[in-house]
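The structure under discussion appears below in the form of structure tokens.
Throughout, read-outs are computed from the coordinates displayed, never taken from laboratory work. As the structure is a computational prediction, the values presented were derived from the model and not from experiment. A quick note on method: Cβ atoms are made from the backbone with ideal geometry, for glycine too, and the neighbour counts reach across all protein chains shown.
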Amino acid sequence: MTRRFEFQQVDVFASAPLKGNALAVVIGADALSDADMAAFANWTNLAETTFLLKPTDAQADYRVRIFTTERELPFAGHPTIGSAYVWLAAGGLPKSAEIVQQCGIGLVRLRRDGDRLAFAAPPLIRSDAVEPDLLARVAKGLGVAESAIIASSWLVNGPEWLGVELASRAEVLALRPDKALLAGLDIGVVARCTPADNVDAQFEVRAFPADIASPEDPVTGSLNAGLAQWLLGSGRATSPYVASQGTAIGRAGRVHVEQIGADIWIGGASITVIAGSVTI
């Protein structure tokens, strides 16, 4: 038996359509089975599709399940912001000043910041040094000399990101990774921008996840959350800052990072591109 559900496709981390990271959101999806959700996410063929559900935790405003075309994720950044944006647009009313999302890693707090939404970066599960042999493989897969990587770290916060820092924005934008050499690895690359780069951001970021069909993720909240904790924690960044992502593939993603007390907030704008209903 098929059922009809409200649906939106939104662009996240962008203030104009088609410049951020697309997200499909099914509203009120409680009647769907796990198999239904997985099949629909595979059909949309987007990096992630989310399903808004009634919470099972009394502290949460809503629950979300996040699927790629291949598997369910416990947490992801742009689906968190996009899902909250759609939940609010559909009439959701938070219980307090903050919005509380329930997902696979537990409860994630969000706050409104003007026309943007921001989530509190979840704690890093793993943030140790990258093994030398693995780092050599990463350098080869990225097509750079090992000496070009000026810093590296595991940045695991649900997704298992491996972060590397290069010396310049130009080096980041010039990367042409060999996905076969990087198979099974979620690689995030960052470099500091300079005034000569003439860009409205302090860092340039690129993300090469293992399990999406396209070579590169346009704008990535979970990676930027891990990078923010790494860069701010090591003193290589100061709060607030803006990260640019998606430049190499024609996007104009902007991720706003701000540390307030012990919390690091990862924020961005969203915009609805498609609104209607779907039959599943």
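Which order do peptides 75-87, 51-63, 252-264 fall in by mean Cβ count within 10 Å, highest first?
Numbers: 75-87: 28.2, 51-63: 16.5, 252-264: 18.3.
Per-residue Cβ counts within 10 Å, averaged per peptide and sorted highest first, yield 75-87, 252-264, 51-63.
Here's the picture: charge each Lys and Arg Cβ at +1 and each Asp and Glu Cβ at -1 in region 59-169, and of G77, F67, A89 the one pushed furthest to the positive end of that dipole is A89. GNM on the chain, alpha-carbon springs under 10 angstrom: the most fluctuating residue among G221, G92, G163 is G92.
Provide the FRET efficiency to the nearest 0.05 for the E146-T194 pair, computing r from the beta carbons and using R0 = 22 Å.
On the way: r = 24 Å, r/R0 = 1.07.
Computed FRET efficiency for E146 and T194 comes out at 0.40.
Its convex hull of Cα atoms gives region 1-138 a direction-averaged projected area, equal to a quarter of the hull surface, of 10.5 nm².
Here the mean projected area of the convex hull built on the C-alpha positions of region 132-262 is 7.7 nm².
Below 8 Å between Cα atoms, with a sequence gap of 6+, how large is the relative contact order for region 132-262 in percent?
Working: 242 pairs, mean separation 24.6, N = 131.
Normalised by residue count, the contact order of region 132-262 is 19 percent.
Against the longest principal axis of the chain, how steep is helix 132-142, in degrees 0 to 90 to the nearest 10, with axes from Cα atoms? With rounding to tens, the tilt is 80 degrees.
In the elastic network of the chain, a GNM with C-alpha springs shorter than 10 Å, the most mobile of R112, R236, R206 is R236. A cut-off of 5 Å between modelled amide H atoms, ignoring neighbours fewer than 5 places along the same chain, links E48 with A24. Taken about its Cα centre, the chain carries a charge dipole of roughly 420 debye when the Cβ of each Lys and Arg holds +1 and the Cβ of each Asp and Glu holds -1.
Across the options A196, A210, G235, the greatest Cα extent toward the positive end of the charge dipole of region 132-262 (unit charges at beta carbon of Lys, Arg, Asp, Glu) belongs to A196. At full extension, A262 and E171 could sit 29.5 nm farther apart than now, given 0.36 nm per residue minus the alpha carbon distance.
When only the Cβ of Lys, Arg, Asp and Glu is charged (+1, +1, -1, -1), the dipole of region 132-262 relative to its Cα centre reaches about 160 debye. From the coordinates of this entry, Cα Rg over 2.2 N^0.38 Å is computed, and it appears in [x] 0.97; [y] 1.05; [z] 1.27 under the label [x]. Using alpha carbons only, how many degrees (0 to 90, rounded to 10) separate the axis of helix 77-89 from the longest principal axis of the chain? Orientation of helix 77-89: about 30 degrees from the principal axis.
Under the definition of Cα pairs under 8 Å and six or more residues apart, what whole-number percent is the relative contact order of the chain? Please report the intermediate quantities before stating the final value.
Working: 664 pairs, mean separation 63.5, N = 280.
Across the chain, relative contact order equals 23 percent.
GNM on the chain, alpha-carbon springs under 10 angstrom: the most fluctuating residue among P159, P122, P94 is P94.
Seen against the Cα atoms of the chain and their longest principal axis, helix 221-233 is set at about 50 degrees.
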